[in-house]
Amino acid sequence: MNIDIRDCQMVAAIAASGSVTRAAGELHRTQSAVSHQLHGVEERLGTALFLRVGKRMVVTAAGQRVLAAAHRVLEDIRATEEDVRRLGAREAGVVRVCAQCNTGYHWLPPLVEVFRRRHPEIEVSLAVECTLRPLEALLEGKLDVAIVTQSVRHDQVRVRPLFEDEHAVIVAPDHPFAKRTFVRPEDFASERLLLYSSSPPQRVTFVMLTEAILEMVKAGLGISVMQTWAIEPALRAGDVRAIPITAAGIRRQWSAATLKAAGSVPHVDGFIELLASRAMPARRRPLSLRGRPRRK
């Protein structure tokens, strides 16, 4: 690059004062040093940035272009320094967060809105691009909070349990499983499974959208395994049935993972407290809600 920050400051100072001498005073440099710097910039760019008209330095067309860029750069640097100062003083902040499971985005956005109303000076950024590898993104410094469903054992990570949810087999109302009290893992052997993520068995179909899975289940194209809270409207309507897996059921732990090195950051801690107290799945009914019979 032929122009750096010091050059931007020099061009802005000369344009504002109309004089190399006065610009030098503002920059706390000698007049000869500023003149030499200006000559060097003009030589590198191959054009004059100022014309000397009488005792005043007048900006050329090329100089106006450089001056406009200089104003933007210097203002951006000033804003960045102020943002960093406020972050350091903890007057403002950003919480970068993602959920490991796509269904987390069913309940996370409403909580983000609650947090924003309580703390308008804090920005919450949903880093959905980190969904498939939240722990790695946290360790790489791309996240402040990773909402995970996997077991985390890492000496650099602090884990705060949030809530549990229950997984069940989701079937059409007329599927043979719909009349059972529970199903066993071996019962899946002859069934077409519709899941969010890919899996080794051949009779598994990878489907990203909850709504698409439900429609396929209702059409008898297969069965699924998912959290009951994520499809509660469909269960209440009787569109599908939820059957426990084993007599005891299968529950999954959600947790908030943060870096130990980050220490205690008030706005991050406050966001995690909100997750623990207000996260929707934690307040859902247990799996006794199997789905009402469909109205005819």
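When the chain is described by a simple charge dipole with +1 on each Lys and Arg Cβ and -1 on each Asp and Glu Cβ, the residue from 249, 105, 3 located farthest towards its positive end is 249. Amide H contacts under 5 Å for residue 123: 93, 94, 95, restricted to partners 5 or more places along the chain or on a different chain, H placed in the peptide plane at 1.01 Å from N.
Under a 10 Å cutoff between Cα atoms, tell me which one of 57, 216, 226 has the largest fluctuation in the Gaussian network model of the chain. Result for the chain, Cα springs under 10 Å: 57 fluctuates most.
Summing Cβ point charges (Lys, Arg +1; Asp, Glu -1) relative to the Cα centre of the chain gives a dipole of roughly 920 debye. Applying the criteria of a DSSP loop state and at most 10 other Cβ atoms within 10 Å to the GluC sites (Glu not before Pro) of segment 1-61 yields no site.
Phi-derived couplings, Karplus 6.51 cos²θ - 1.76 cosθ + 1.60 at θ = phi - 60°, listed residue by residue for segment 143-159: 10, 9, 9, 10, 8, 10, 10, 8, 6, 10, 10, 8, 5, 9, 10, 9, 10 Hz, with x used for Gly and Pro. Rolling a 1.4 Å probe over the protein heavy atoms of the chain, with every protein chain left in place, gives an accessible area that is 53 percent carbon and sulfur.
Each residue of segment 96-110 was assigned a 3J(HN,Hα) from its phi angle through the Karplus expression (A = 6.51, B = -1.76, C = 1.60, θ = phi - 60°), giving 9, 9, 8, 10, 5, 9, 4, 5, x, 7, 6, 10, 5, x, x Hz with x at Gly and Pro. The candidate values are (i) 20.5; (ii) 15.8; (iii) 23.9; the one derived from this structure for mean projected area of the Cα convex hull in nm² carries the label (iii).
Isolated cysteines in the chain, defined as those with no second cysteine Cβ under 4.7 Å, comprise 8, 101. Taking amide H as placed 1.01 Å from N in the peptide plane, the amide H of residue 250 sits under 5 Å from that of 167, 245, each at least 5 places away or on another chain. Using the Cβ-Cβ distance between residue 117 and residue 250 with R0 set to 35 Å, the FRET efficiency from 1/(1 + (r/R0)^6) comes to roughly 0.50. Taking 0.36 nm per residue of separation and subtracting the Cα-Cα distance, full extension of the segment from residue 28 to residue 274 would add 83.5 nm.
Looking at the chain, the accessible area is 56 square angstrom per residue; that uses a 1.4 Å probe and ignores ligands, DNA and RNA.
The values are calculated or read from the model by the stated rules, or taken from the named source; none is laboratory data. Owing to the predicted nature of the structure, the values given are computational and were not obtained by experimental measurement. In this analysis, Cβ positions are derived from the backbone assuming ideal geometry, glycine residues included, and neighbour counts consider all displayed protein chains. Accessible surface is based on the protein model in full, side chains and every heavy atom, while ligands, DNA and RNA are left aside. Shrake-Rupley method; radii C 1.70, N 1.55, O 1.52, S 1.80 Å.
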